[in-house]
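Here's the structure we're looking at; comments come further down.
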Amino acid sequence: MILVTGGAGFIGSNFVLDWLSQESEGVINLDKLTYAGNLSNLEAVRNDERHVFVHGDIGDQALVEKLLVEHKPRAIVHFAAESHVDRSIHGPAAFIETNVNGTFALLEAAKSYWTKLEAPERTEFRFLHVSTDEVYGSLGPSDPPFSETNAYEPNSPYSASKAASDHLVRAYHHTYGLPTLTTNCSNNYGPFHFPEKLIPLIIANARAGKPLPIYGDGQQIRDWLYVKDHCAAIRRVLDSGRLGETYNIGGWNEKANLDVVHTLCDILDQLAPRQQGGSYREQITYVADRPGHDRRYAIDARKIERELRWKPVETFETGIGKTVQWYLDNTQWVQNVQSGDYMKWMERNYDQR
Ligand code: NAD
């Protein structure tokens, strides 16, 4: 058994589905079901007895300790977070509460549980913390990509809160010996991505005939990784990562935001042409840039490739094609999220919440 936090969110739900399709081991899925948590992502495993969903807060240390003692998981994989940079600019408090205080409470619960374990469970236990490349700050055009030894220079309340959580995880390893692993990953994309984020937002707006908003000049560069490649990397780190280490995970796919949007428009022009003719590119609209917007992120993923023999399967071209097709095939999922109907769906289908 493993305990996953935030397993109803974008990456967490992909991870849970992936895990249950490949492993015999079960998952306890602890999620607070904020606006970003969506249990319909997990519809495929609703009747799978190996999936135990628990509606709760990682900041509730007593609840986490109870779950650990009851289910005796061999690992915690920690995804739960407030994750949207724009929201962190307008309301940072929730980011401090969940990402910093919540991670602290989770670490305390894990430490209390792990300390009482005996070999071999004590030796096998892992606390894997899922983090972001945004903790490293912003790169200039010719800077080398972020490696694990880069200094932390977070620029948004989101990245600062994730940086704080990374430091806490590091400290729990160094001070108490808690067997931790940390991963810092670049931008993910793929199925079940909440349509406030760039790629699903652009696909949804394009299809709805709405403007496609581009921040500033659209030349902000991000590295992109298909979410299922990220899930595979996390599994690899959990299996074979060295204790106390951090691993950068990326797709070697640096793209300017405007180029990503152009690619999406071109694929949509092919797969779902506009009724009125012309290209979706005509819907592109430039809007004021995000305050403090980081210019460039890029990941040097050579450590995980060399030490753990992980490499992404998808190129940006293959992954983005699959992603657009998924959103075209799942318009109801997008509509339910945008209308808030997924909340009603969860109330109907998960009485135990
Ligand atoms: P998300 O916002 O889609 O999902 C977060 C999940 O955590 C939701 O299900 C939410 O209900 C849950 N949650 C929030 N607060 C909680 C709390 N206090 N207790 C329990 N559950 C809570 O996020 P995501 O995009 O899936 O990101 C998952 C993790 O990966 C985050 O830690 C994020 O920092 C990290 N990450 C994300 C990306 C990316 O591109 N999305 C890249 C690198 C790292």
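Where a number appears in this text, it was derived from the coordinates with a stated rule and is not lab data. Here the structure is a predicted model, which is why all the values come from computation and not from measurement. Glycine also receives a Cβ, built like all others from the backbone with ideal geometry; neighbour counts cover every protein chain displayed.
Some notes on this structure:
- Phi to ³J(HN,Hα) by Karplus 6.51 cos²θ - 1.76 cosθ + 1.60 over segment 74-86, Hz, x for Gly, Pro: 8, 7, 10, 10, 9, 9, 3, 6, 7, 10, 9, 4, 4
- Ranking of Ser142, Ser279, Ser88 by count of other Cβ atoms within 10 Å, fewest first: Ser142, Ser279, Ser88
- Counting only the Cα atoms, segment 145-196 fills a convex hull of 129 Å³ per residue.
- Euclidean distance between Cα centres, segment 39-103 to segment 134-166, Å: 24
- Candidates Ala160, Ala81, Ala171: whichever shows maximal mean-square fluctuation once the chain is modelled as a Gaussian network with Cα springs under 10 Å: Ala171
- Rounded to 5, the percent of DSSP beta bridges in segment 2-349 classed as antiparallel: 10
- For the pair Glu317 and Ile89 in one chain, pulling the backbone fully straight at 0.36 nm per residue adds 78.9 nm over the alpha carbon distance.
- Choice from Gly140, Gly244, Gly26 showing the highest fluctuation, given a GNM over the chain with Cα pairs closer than 10 Å: Gly140
- Model label points for Met343 and Arg281, set 7 angstrom from Cα along the Cα-to-Cβ axis, are 3.9 nm apart.
- Pairs of Cα atoms in segment 179-229 fall into 5 Å distance bins, from 0 up to the last occupied one, in shares of 4, 15, 22, 23, 17, 9, 4, 3, 2, 1 percent.
- Relative contact order computed over the chain (Cα-Cα under 8 Å; 6+ residues apart), in percent: 18
- Span per principal axis, largest first, for the Cα atoms of segment 250-344 (Å): 50, 33, 31
- Taking Val337, Val64, Val313 and counting other C-beta atoms within 10 Å, the order from fewest to most: Val313, Val337, Val64
- Theoretical FRET efficiency, 1/(1+(r/R0)^6), r = Cβ-Cβ of Asp217 and Thr149, R0 22 Å, to 0.05: 0.10
- Close amide H partners of Ser131, meaning residues 5 or more places away or on another chain with modelled amide H under 5 Å apart, are Thr183, Asn184, Cys185.
- Segment 139-148 - phi-based ³J(HN,Hα) in whole Hz, Karplus 6.51/-1.76/1.60, Gly and Pro as x: 9, x, x, 10, 5, x, x, 5, 10, 5
- Within the shell defined by Cβ-Cβ distances under 11 Å, the residues around Asn253 carry a net charge of -4, with Lys and Arg each +1 and Asp and Glu each -1.
- Cα pair count fraction exceeding 40 Å, expressed as % - the chain: 10
- Fewest-first ordering of Ser161, Ser156 by other beta carbons within 10 Å of each residue's beta carbon gives Ser156, Ser161.
- Segment 1-33 and segment 293-308: distance between their alpha carbon centers, rounded to Å: 25
- Debye equation applied to the C-alpha atoms of segment 120-275, log10 I(q)/I(0) at 0.10, 0.21 Å⁻¹: -0.45, -1.40
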